[in-house]
1. Quick check, is residue 22 open to solvent by less than 30 Å² (accessible area, probe 1.4 Å), within 30 Å of residue 177 (Cα to Cα) and not β-branched (Val, Ile, Thr)?
2. Go through the range 154-179 residue by residue and tally those that are open to solvent by less than 20 Å² (accessible area, probe 1.4 Å) and of a type in the set (A, V, I, L, M, F, W, C).
3. So residue 56 ticks every box in (1) of a type in the set (Ser, Thr, Tyr); (2) modelled with pLDDT of 95 or more; (3) surrounded by 14 or more Cβ atoms within 10 Å (Cβ to Cβ); (4) farther than 23 Å from residue 162 by Cα but one. Which box is left unticked?
4. Of all residues in the range 180-197, which are over 19 Å from residue 116 (Cα atoms) and either open to solvent by less than 30 Å² (accessible area, probe 1.4 Å) or touching a residue at least 24 places away in the same chain (Cβ under 8 Å) (or both)?
5. Quick one: in the range 198-219, which of the residues that are in contact with a Leu (Cβ under 9 Å, 6 or more places away or on another chain) and open to solvent by 70 Å² or more (accessible area, probe 1.4 Å) is nearest to residue 172 (Cα to Cα)?
6. Hey, among 87, 105, which residue is more than 25 Å from residue 194 (Cβ to Cβ), without any contact (Cβ under 8 Å) to a residue 60 or more places away in the chain, open to solvent by 60 Å² or more (accessible area, probe 1.4 Å) and touching a Cys at 6+ places or on another chain (Cβ under 8 Å)?
7. Filtering the range 123-138 down to residues that are touching a strand residue (DSSP E or B) at 6+ places or on another chain (Cβ under 8 Å) and under 18 Å from residue 87 (Cα atoms), which residue is most open to solvent (accessible area, probe 1.4 Å)?
8. Yes or no: residue 12 within 14 Å of residue 170 (Cβ to Cβ) and open to solvent by 40 Å² or more (accessible area, probe 1.4 Å)?
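The values are calculated or read from the model by the stated rules, or taken from the named source; none is laboratory data. The model shown is predicted, which means the values in this text are computed figures rather than measured ones. No Cβ is skipped: glycine too gets one built from the backbone with ideal geometry, and neighbour counts run over all protein chains shown. Side chains included, ligands, DNA and RNA excluded: accessible areas come from the protein's heavy atoms. Shrake-Rupley method; radii C 1.70, N 1.55, O 1.52, S 1.80 Å.
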Amino acid sequence: SLAGWHGELFDYYEADGNFAGAAPRGFSKSTVTDTVYLAHRMLYARSHFALLISDTVTQAEGLLDGVKSELEGNEMLVWMYGDVRGRIWSSEGLIINACGDNGKRQLVKILPRGAGQKLRGLRFKQYRPDFVILDDLENDEMVESVDRREKLANWFKRALLPALAKDISKIIYIGTLLHREALLAKAIRGDDIFAGWNRKKWQGILPDGTSLWPERFTI
């Protein structure tokens, strides 16, 4: 079941602009973001071409499998939207027969990618990527290396951002803080290219001493 703070996540996701959010491990941020929110956004064709990016492509494909399983196996979703499977339907990518404007069906696409992978020239029909979810882009080993942290930051600025559609793209960057100089930590602080982003850090124990998600994690 969803926790109260998950509603806050949705509010940030629906707000204008890019968003960076950090929360502890085990608080279902990936499920809420990569499965629930991504599926909803794409089912209604609110974006044409989405990228789901994690620290490795294998990890990203595993996250996309969660979306795939829900869209093909969730009885309520199938009842509401019918069979939405397109000609590409695997952990390596999904084309979804979505509900577009005025109830007309429209094809949208989700691709999984790993941090550091080539992104230049990606297109689906006439669309460049216009929605990106970055989920746990860093791992424990990566953040301990200055060189690897700088390499990731350069990839973000020089490969990811230029690959996106101009003016209409949206980025959601979520994860767990692993190092004070990690890219996510810089995003949460609003450093450099992240100035102007919406951002929020959730802690497992709130300032008043209660649990962020008491139904799952008691004090």
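1. yes
2. Total meeting the criteria: 8.
3. It is condition (4) that residue 56 fails.
4. 188, 190, 196, 197
5. 201
6. Of 87, 105, the one residue that is more than 25 Å from residue 194 (Cβ to Cβ), without any contact (Cβ under 8 Å) to a residue 60 or more places away in the chain, open to solvent by 60 Å² or more (accessible area, probe 1.4 Å) and touching a Cys at 6+ places or on another chain (Cβ under 8 Å) is 105.
7. This residue is 123.
8. So residue 12 fits the description; yes.
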